[in-house]
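Report on one structure; see the data block that follows.
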Amino acid sequence: MDRSENTSGMAKSHIIRITDQEFTTLANYVKDNYGIDLTKKRILIESRLTPDLRRHGFTNFQQYIDMLFKEKSETEIVNLLNKLTTNLSYFMRENEHFNYLFSQVLPYLERTRTNRELRIWSAGCSTGQEAYNIQMVIDEYFGARKAHWDTTMLATDISMRVLNKGQKGIYTADELKDLPANWKSKYTVALPDGTFQIIEALRKQVIFRPGNLMEPFNFKKPFDLIFCRNVMIYFDEQTKAELVNKFYNWTAPDGYLFIGHSENINNLRTRYTYIQPAIYQRRDGFNAH
């Protein structure tokens, strides 16, 4: 056995294994409360959560689960979800969506929203790149006309850590590498430490709030645009169908839903009309319930 094999063996021996009962209990808890399907993530759970168990001095997963249930610690629960999901977000992700938003959706909404208000929701916004990217597209489209429109948008996530980063709007040069150069100079300001911050005018257009997609939605009005991209990849088919139905109930007439290109919606189980890959539209009246 060479040195690398020995090291690998040692690393594996330090993993705390989860029993069938512990796995079922933890997976059911996360599924019931957050919609995330962990049924195929057993090895991931063991490898990613072992350091947390050791940090608490636990020797088995039951002790960790008991802590979660007893303390109901939001910090620990969010840390758990962060460890088991990937908060990957970057500017210009799935850029076809932004092109369609600019060329088709915004011209249509400008013609039909006579109150000059756009209600927009970035659901599962992670660290804010998607929300700010949407605002950049809106600013580019409306130009001087934007002063006459209310385009303030809601951005929600279950993780306070990513929400805090999004609210600050500070990103590294590497995180901005996919932004067009003129957008970077127009919509960010350089900070002394070499990072860049989204300009205040754009930051004011995004309201970051904690939000769990599994809980009942309670909004004042329906949304013209809902972006929920690369979030439902963690949900099973039933949970996904129920969530899409909730989105539909809170989409304004002729409003749009954008999902990730790696996701799909069963056309037989949704009332949305398919527009093109990962873009759907509500084409009937509004009746939230």
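Any read-out appearing in this document is the output of simple, stated calculations on the displayed coordinates, not a laboratory observation. Worth saying up front: this structure is predicted, and the values here are computed from it rather than measured. Because the Cβ atoms are built from the backbone with ideal geometry, glycine has one as well, and the counts that use them run over all protein chains shown.
For region 106-202, what class follows from the C-alpha gyration tensor (a ≥ b ≥ c being the square roots of its eigenvalues): rounded when a/c is under 1.5, otherwise prolate if a/b is larger than b/c, else oblate?
oblate
How far apart, in nanometres, would the label points at E242 and T273 be if each is projected 7 angstrom from Cα along the Cα-to-Cβ direction?
Label at E242, label at T273, 2.9 nm between them.
Take the alpha-carbon centre of region 170-225, take the same for region 128-148, and report the distance between them in whole Å.
Value for the Cα centre distance between the two parts: 11 Å.
Report, for the chain, the % of DSSP beta bridges that are antiparallel, rounded to 5.
40 percent
Amide H of F208: which non-local residues (sequence gap of 5 or more, or other chain) have their own amide H closer than 5 Å, using H built in the peptide plane?
Amide H neighbours of F208, under 5 Å, 5+ apart: A155.
Distance from the Cα centre of region 247-278 to that of region 35-102, in angstrom?
Taking the Cα centre of each part, region 247-278 and region 35-102 sit 26 Å apart.
What spacing in nm lies between the two simple spin-label points modelled at H14 and N266, each 7 Å away from Cα in the Cβ direction?
4.4 nm
Calculated FRET efficiency, D52 and I233, Cβ-Cβ r, R0 30 Å, to nearest 0.05?
Working: r = 23 Å, r/R0 = 0.78.
The value I calculate is 0.80.
Pull up all non-local amide H partners of R119: gap of 5 or more, or a different chain, and H-to-H distance under 5 Å with H placed in the peptide plane.
It is D224, L225, by chain and number.
Only Cα pairs under 8 Å and at least 6 apart count here; give the relative contact order of the chain as a rounded whole percent.
Working: 391 pairs, mean separation 46.8, N = 289.
Value for the chain: 16 percent.
Need the full-extension length gain, A201 to Q21, defined as separation in residues times 0.36 nm minus the C-alpha distance. One decimal, nm. Walk me through the numbers before you get to the answer.
On the way: separation 180, 0.36 × 180 = 64.80 nm, distance 5.13 nm.
Length gained between A201 and Q21: 59.7 nm.
Based on alpha-carbon positions alone, could you give the equivalent ellipsoid semi-axes of region 95-281 from the gyration tensor, as √(5λ), descending, whole Å?
27, 20, 15
Pairing the Cα long axis of helix 42-56 with the longest principal axis of the chain, what angle in degrees results, from 0 to 90 and rounded to the nearest 10?
Approximately 70 degrees, to the nearest ten.
Could you run the Karplus curve 6.51 cos²θ - 1.76 cosθ + 1.60 with θ = phi - 60° over region 239-247 and give me ³J(HN,Hα) per residue in whole Hz, x for Gly and Pro?
Residue by residue, region 239-247 yields 4, 4, 4, 5, 5, 4, 5, 5, 4 Hz.
Tabulate in residue order the Karplus-calculated ³J(HN,Hα) for region 212-227, using 6.51 cos²θ - 1.76 cosθ + 1.60 with θ = phi - 60°, rounded to whole Hz; enter x for Gly and Pro.
So the J values, rounded to whole Hz, are 10, 5, 7, 8, x, 7, 9, 10, 6, 9, x, 9, 7, 9, 10, 9.
If you plug each phi of region 180-192 into the Karplus form 6.51 cos²θ - 1.76 cosθ + 1.60 with θ = phi - 60°, what whole-Hz ³J(HN,Hα) values come out, in order, with x for Gly and Pro?
x, 4, 5, 6, 4, 6, 7, 10, 9, 10, 6, 9, x
Going by C-beta contacts inside 10 Å, put S122, S89, S47, S103 in order with the fewest on the left.
Ranking S122, S89, S47, S103 by Cβ neighbours within 10 Å, fewest first, gives S103, S47, S89, S122.
Would you please give the residues with an amide H less than 5 Å from that of N230, counting only those at least 5 places away or on a separate chain, with H modeled from the backbone geometry?
Residues meeting the amide H criterion: G260.
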